[in-house]
Amino acid sequence: MTNNTGITIVTGGASGIGLATAAWLLARSRSVLVLDHSEANLESARVALKEYTASAAFAALDVTDEEAMMQVLSSNIPAGTAISGLVNSAGFGTDIPFLETTSKTLRDMLEVNLVGTFVISREVAKRMVGTGGGSIVHISSVSGLIGNKGRSAYGATKAALVNLTQVMSNELARHHIRVNCVCPGPIETPLAAAAHGDAGKLLWEQQVPMKRYGSPKEIANTVGFLLDEESSSYVNGQIISVDGGFIAAGLLPA
């Protein structure tokens, strides 16, 4: 059985869902390595998490740079040190009609949302194999489960994370590594605000049965559950929507 005493890595950890997850972990005395491509966001995260300086480390990382990723891991987590958790929260999306979506947009999203997640997961899993296992959580999206408008590129990359979760959970279970996936609905984050806009926000609120956006903390609570060995030791390969009922809704009442 794995335990909760190793380091947990959070990509995209300096804002939104990633930052809320890092705060959730640190508040429970877990050691966390916060990775983010934005130096400005990292500085803000250091301030937001200043009460946990003994347990939190921060490093800049573009998840599409495999060589840099290897260097960041080796310099921040010495060989033999247990990595108990990995949260893949780095990603971005846009709202663009399919006929207007360029191949470059798709490739850019694939590199961040899928390839970056794949590479760091592979390298961290290799470390976990040698230190007793761990828990990996991918942050996908409800747009990876159904055909939301304007999400052809974003949705395709997030749908790929669902299958990656299933394959990884299948292959890695014998190494005591659990892999699960959280699919948020609309969440109050800076990225969502930029992607949705005012009109998009109103549309989401109309379609979600709970009639509101979720908070990053509400996603972090579910991610934390999946990371915690005591709480979720037999949960593996699951795709969990945290979306106010959006996926299950169907035609809403007037």
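Pairs linking a residue in region 155-178 that is touching a residue at least 24 places away in the same chain (Cβ under 8 Å) and under 22 Å from Glu111 (Cα atoms) to a residue that is among the hydroxyl-bearing types (Ser, Thr, Tyr) and outside any helix (DSSP H, G or I), with Cβ atoms under 7 Å and 6 or more positions apart or on different chains, are Lys158/Ser140; Lys158/Ser141; Leu161/Ser140; Val162/Ser140. Only one residue in Ala79, Ala68 is within 24 Å of Leu172 (Cα to Cα) and free of Cβ contacts under 8 Å to residues at least 12 places away in the same chain, so which one is that? Only one candidate passes the filter, namely Ala79. In the set (1) touching a residue at least 40 places away in the same chain (Cβ under 8 Å); (2) touching a Lys or Arg at 6+ places or on another chain (Cβ under 9 Å); (3) surrounded by 14 or more Cβ atoms within 10 Å (Cβ to Cβ); (4) farther than 21 Å from Ala22 by Cβ, Glu205 fails one condition alone, (1). Applying the condition of being part of a helix (DSSP H, G or I) and crowded, with 17+ Cβ neighbours inside 10 Å to region 173-197 and asking which residue is modelled with the lowest pLDDT yields Ala195. The residue that is farthest from Thr165 (Cα to Cα), counting only those in region 222-243 that are free of Cβ contacts under 8 Å to residues at least 24 places away in the same chain and part of a helix (DSSP H, G or I), is Ser231. In summary, helices (runs of 4 or more DSSP H) completely within region 7-117 and bearing 2 or more residues that are surrounded by 20 or more Cβ atoms within 10 Å (Cβ to Cβ) and β-branched (Val, Ile, Thr) occur at 16-26. Within region 118-168, being among the charged types (D, E, K, R) and outside any loop (DSSP other than H, G, I, E, B) holds for Arg122, Glu123, Lys126, Arg127, Arg151, Lys158. Considering every residue within region 145-163, establish whether at least one is more than 22 Å from Ser232 (Cα to Cα), among the hydroxyl-bearing types (Ser, Thr, Tyr) and in contact with a Gly (Cβ under 7 Å, 6 or more places away or on another chain). There is at least one residue in region 145-163 that is more than 22 Å from Ser232 (Cα to Cα), among the hydroxyl-bearing types (Ser, Thr, Tyr) and in contact with a Gly (Cβ under 7 Å, 6 or more places away or on another chain).
The values are calculated or read from the model by the stated rules, or taken from the named source; none is laboratory data. Keep in mind it's a predicted model, so treat the numbers as computed, not measured. Cβ atoms come from the backbone with ideal geometry, glycine included; neighbour counts cover every protein chain shown.
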